[in-house]
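Participant: Mind having a look at this structure? Questions to follow.
Quick note: the coordinates plus some simple rules give every number you see, no bench work behind them. Because the structure is a prediction, the values reported are computed rather than measured. Counting neighbours? That spans all protein chains shown, and the Cβs are built from the backbone with ideal geometry, glycine included.
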Amino acid sequence: MRKKISRRTVIQSGSALSLATLWPFGVRADISGLPRSDYGFATTAEEVVADIDLSGKTVLVTGCNSGLGYESMRVMAARGAHVIGTARTIEKAEKACASVTGKTTPLVCELTDLDNIVACSQQVQALDLPIDIFLCNAGIMALPKLEQVNGIEKQFFVNHLGHYLLTRRLLPQVEAAPAGRIVVLSSIGYRNAPKAGIEFDNLSGENDYSPFRSYGQSKLANALFSRELARRYADTGVTSNSVHPGYVATNLGRYVTGKPRDPNEPLRKGFKTVDQGAATQVYVATDSRLADVSGHYFEDCNPVEPGGPHMHDDALALKLWQVSEELTAAYL
């Protein structure tokens with residue numbers, strides 16, 4: 001058993017790195033020259049991959065057992081990809097993988113358990129395959145009361161820190177692919193992040209917890225993690241982009257409604273179906289026009305310019321990387 005993250009480590013990481021000398025504030029990315037698709041709000045993941053052959057590609061999808069992760073796995077496996085699908089339990093992963101057409105490998109990845117993330121990464125490494133597409137999809141949203149994992153607010157831990165560790169451990173396999181793509185599921189919820197962006201002195205969430213503010217912080221962290229990955233691997237074949245899937249009718253919102261979603265319930269205005277919600281992440285993962293596109297944010301299958309003061313803050317992205325590295329150092 002590896003050592004747990006202590007509350008002292010969380011506090012020290014934030015305070016020590018706040019004194020670090022960080023490179024200048026980032027500039028807004030120019031999206032004017034990026035490829036644009038004819039896809040939009042109502043496009044489905046099935047339509048995105050209709051003319052794409054993914055034979056010979058290896059895909060890893062976290063949270064494959066439901067919602068956007070399941071639909072992403074389903075359509076990419078159907079187009080010939082070997083999909084490694086992870087879920088919180090082997091039963092959930094096996095059931096999901098067995099229900100789709102194509103080659104799949106079910107694995108357990110409990111994102112609240114750093115030892116389990118290490119074990120999952122070792123199982124993936126044992127397959128000895130390059131990872132062509134790494135889809136960081138799993139997540140939780142708006143926990144009504146403060147929950148912590150190893151002293152850290154649970155949404156930040158699951159949505160960001162768990163994916164950070166899994167990605168770091170599997171980066172050599174992404175690099176081994178001819179053109180490895182990392183796609184990180186963010187959200188327009190980043191706009192609800194705290195004024196500071198990432199509250200490094202409050203990663204515990206104990207100071208004035210808010211369900212949606214903490215969710216927003218975790219989704220901002222997802223986008224900044226992707227941006228920093230893109231910067232670090234700019235001279236390689238690895239690309240990294242983040243996406244907002246839209247407002248999607250999945251069980252992600254069960255903490256808001258207090259109940260699982262009824263599939264027969266009509267969609268609220270502005271909401272997408274699951275197959276529409278999965279389209280953007282599948283598009284960024286598979287479209288040939290995006291082979292060299294990295295460090296951007298996508299909505300409705302096209303790059304967009306995110307608002308707010310933090311989504312382009314490279315100093316904040318670097319600090320997030322450093323703090324995350326300190327918090328997971330015993331597991332890297």
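Participant: Explain nothing, just the number: relative contact order of the chain, from Cα pairs under 8 Å at least 6 residues apart, as a whole percent.
Facilitator: With pairs under 8 Å counted, the relative contact order is 24 percent.
Participant: Follow-up question, since we're still on this one. Could you tell me which of the pairs LYS145/LYS272; LYS95/LYS219; LYS95/LYS272; LYS154/LYS272; LYS154/LYS219 are separated by over 20 angstrom between their Cα atoms in the structure shown?
Facilitator: In this structure, LYS145/LYS272; LYS95/LYS219; LYS95/LYS272; LYS154/LYS272 lie more than 20 Å apart at Cα.
Participant: For region 269-328, what is the convex hull volume of the alpha-carbon atoms per residue, in Å³?
Facilitator: Considering the Cα atoms of region 269-328, their hull volume per residue is 154 Å³.
Participant: Something else: Tell me the relative contact order for region 154-256 as a rounded percent, counting alpha carbon contacts under 8 Å between residues six or more apart. All intermediate terms of the calculation are to be shown ahead of the outcome.
Facilitator: Working: 128 pairs, mean separation 39.5, N = 103.
Averaging sequence separation for qualifying contacts and normalising by length gives 38 percent for region 154-256.
Participant: Right, another one. Which ³J(HN,Hα) values, rounded to whole Hz and listed in residue order, are derived for region 68-73 from phi using the Karplus coefficients 6.51, -1.76 and 1.60 in 6.51 cos²θ - 1.76 cosθ + 1.60 with θ = phi - 60°, glycine and proline given as x?
Facilitator: Computed from phi, the couplings for region 68-73 are 5, x, 5, 5, 5, 4 Hz.
Participant: When Lys and Arg each count +1 and Asp and Glu each count -1, what net charge do the other residues less than 12 Å away from LEU316, Cβ to Cβ, add up to?
Facilitator: Neighbourhood net charge equals -2.
Participant: Here's a follow-up. Radius of gyration and Dmax for region 55-98's Cα atoms, expressed in Å?
Facilitator: Computed over the Cα atoms of region 55-98, radius of gyration and Dmax are 9.4, 28 Å.
Participant: Using just the helices of the chain, give the 222 nm mean residue ellipticity in deg cm²/dmol: DSSP H runs with n ≥ 4 each add -39,500 (n - 2.57), and the total is spread over all residues, rounded to 500.
Facilitator: -10500 deg cm²/dmol
Participant: I would also like to ask the following. What shape does region 98-241 have by the C-alpha gyration tensor, where a ≥ b ≥ c are the square roots of the eigenvalues, rounded means a/c under 1.5, and otherwise prolate means a/b greater than b/c and oblate the rest?
Facilitator: The shape class here is prolate.
Participant: For the chain, take the convex hull of the Cα atoms, compute a quarter of its surface area, and give me that in nm², please.
Facilitator: Numbers: hull surface 63.8 nm².
Quarter of the Cα hull surface area: 15.9 nm².
Participant: Among PHE156, PHE134, PHE41, which comes first, second and so on when ranked by fewest other beta-carbon atoms within 10 Å?
Facilitator: Exposure proxy ranking, most exposed first: PHE41, PHE156, PHE134.
Participant: Could you pull out which residues in region 137-164 have an amide N less than 19 Å from a spot 7 Å beyond the Cα of ASN116, following the Cα-Cβ vector?
Facilitator: Backbone N within reach: 137-143, 147-164.
Participant: For PHE134, enumerate residues with amide H under 5 Å from its amide H, sequence gap 5+ or separate chain, H modeled in the peptide plane.
Facilitator: Close amide H contacts, sequence-distant or interchain: LEU60, ARG181, ILE182, VAL183.
Participant: Here's something else I'd like to know. Can you sort MET311, MET73 from fewest to most other Cβ atoms within 10 Å of each residue's own Cβ?
Facilitator: Fewest to most other Cβ atoms nearby, the residues stand as MET311, MET73.
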